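A quick write-up on the structure given underneath.
Computed from the coordinates by the stated procedures, all read-outs in this text should not be read as laboratory data. In this text the structure is predicted, and so the values were computed from the model without any measurement. All Cβ positions, even for glycine, are placed from backbone atoms using ideal geometry, and neighbour counts span all protein chains on display.
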Amino acid sequence: MKYSINNEKTVYNGFFKVLEAQVTYDKINESGTIEATRICLERGDSVAVLIYEKDTDSFLFTIQFRYPSAKRNHPWMLELVAGSVEEGENPMDCAQREIEEEIGYETNELELITTYFPSPGGCSEQIHLYYTEVNSSQKRLQGGGAISEKEDIELVKIKKADLKKHLKEGTFNNSISLIGIQWYLLNRVDIK
């Protein structure tokens with residue numbers, strides 16, 4: 001199957017970039033092609049990290065204000081440590097930087113869970129989702145987010161024994177947290 005992207009142009013260039021293009025692509029189940037105008041939110045790639053603190057038997061999450069979710073009455077989002085990959089930056093290096101910046105922990109061991117598209121119908125972003133284990137002694141920095149980015153991030157610890165209960169109650173409502181937690185429950189431990 002073939003496709004082409006033509007006449008791509010930037011229609012907005014602010015914190016995010018919005019592109020518009022003419023696309024042509026083969027039909028899946030019959031002969032012929034489809035021609036259409038499509039819009040793409042060009043956000044760049046991001047990372048997220050599910051962090052388990054072994055000595056406290058807890059998972060480490062962040063809570064911070066999120067304007068887009070506030071529009072849907074969820075202003076403070078409980079989520080994994082996460083952030084945007086800077087131009088030329090390796091996703092794993094970005095993940096380690098975000099862990100230090102947001103919650104103050106240092107870690108060298110990261111396991112890639114998956115790389116996925118959270119909303120491929122409108123956004124080109126890929127999320128590189130990692131897993132790591134730490135001890136409380138690895139918290140060597142203040143955390144709380146980057147002042148230059150006007151972040152105000154709080155560390156939240158959730159006991160491993162309570163994780164499934166929080167998942168069932170709908171405490172987590174974002175893809176990075178849901179995918180990370182479900183991966184853990186399916187691959188790492190039997191939590192009743």
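Most exposed first by the Cβ proxy, i.e. fewest other Cβ within 10 Å, how do Ile127, Ile28 rank?
With the fewest neighbours first, Ile127, Ile28 line up as Ile28, Ile127.
Between Gly144, Gly121, Gly180, which gets the highest mean-square fluctuation from a Gaussian network model of the chain, Cα cutoff 10 Å?
Maximum among the listed residues: Gly121.
What is the Å³ per residue value for the convex hull set by the Cα atoms of the chain? Kindly include the intermediate steps, with their values, before the conclusion.
Values: hull volume 31.3 nm³, N = 192.
Hull volume normalised by residue count: 163 Å³.
For the chain, modelled as a Gaussian network with Cα springs under 10 Å, which listed residue fluctuates most, Tyr131, Tyr12, Tyr105?
Largest GNM mean-square fluctuation: Tyr12.
Net charge near Asn173: determine it from the other residues with C-beta under 10 Å of the C-beta of Asn173, scoring Lys and Arg +1 and Asp and Glu -1.
Counting the neighbours of Asn173, the net charge comes to 0.
Would you order Glu8, Glu102, Glu53 from fewest to most other beta-carbon atoms within 10 Å of each residue's own beta-carbon?
With the sparsest Cβ surroundings first, the list reads Glu8, Glu53, Glu102.
What FRET efficiency comes out for Lys159 versus Glu87 if R0 is 35 angstrom and r is the Cβ-Cβ distance? Round to the nearest 0.05.
About 0.35, to the nearest 0.05.
What FRET efficiency would be calculated for the residue pair Ile63, Arg38, taking the C-beta separation as r and a Förster radius of 30 Å, to the nearest 0.05?
0.30
Considering every Cα-Cα pair within segment 82-182, what fraction, in whole percent, is farther apart than 24 Å?
On the way: 1413 of 5050 pairs.
Taking all Cα-Cα pairs of segment 82-182, the fraction more than 24 Å apart is 28 percent.
Rounded, prolate or oblate: which fits segment 1-56, taking a ≥ b ≥ c as square roots of the Cα gyration tensor eigenvalues, rounded meaning a/c under 1.5, else prolate when a/b beats b/c?
Taking the square roots of the gyration eigenvalues as a ≥ b ≥ c, segment 1-56 is oblate.
What is the sum of charges around Arg38, taking Lys and Arg as +1, Asp and Glu as -1, for the other residues whose C-beta is under 13 Å from the C-beta of Arg38?
-3
Per DSSP helix of 4 or more residues, -39500 (n - 2.57); summed, then divided by the residues of the chain. What does that give at 222 nm, rounded to the nearest 500?
-6000 deg cm²/dmol
Distance between the C-alpha centers of segment 1-72 and segment 97-171? Whole Å please.
19 Å
Report the dimensions of segment 42-87 along its three principal axes from the alpha-carbon atoms, largest first, rounded to Å.
38, 32, 10
Which residue, Asn13, Asn73, Asn29, has the most motion in a Gaussian network model of the chain that connects Cα atoms within less than 10 Å?
Of Asn13, Asn73, Asn29, the most mobile in the Gaussian network model is Asn29.
Using 0.36 nm per residue, how much length does the chain from Tyr25 to Arg97 gain when fully extended, once their Cα-Cα distance is taken away? Walk me through the numbers before you get to the answer.
Working: separation 72, 0.36 × 72 = 25.92 nm, distance 3.94 nm.
Extending this stretch completely gives an extra 22.0 nm.
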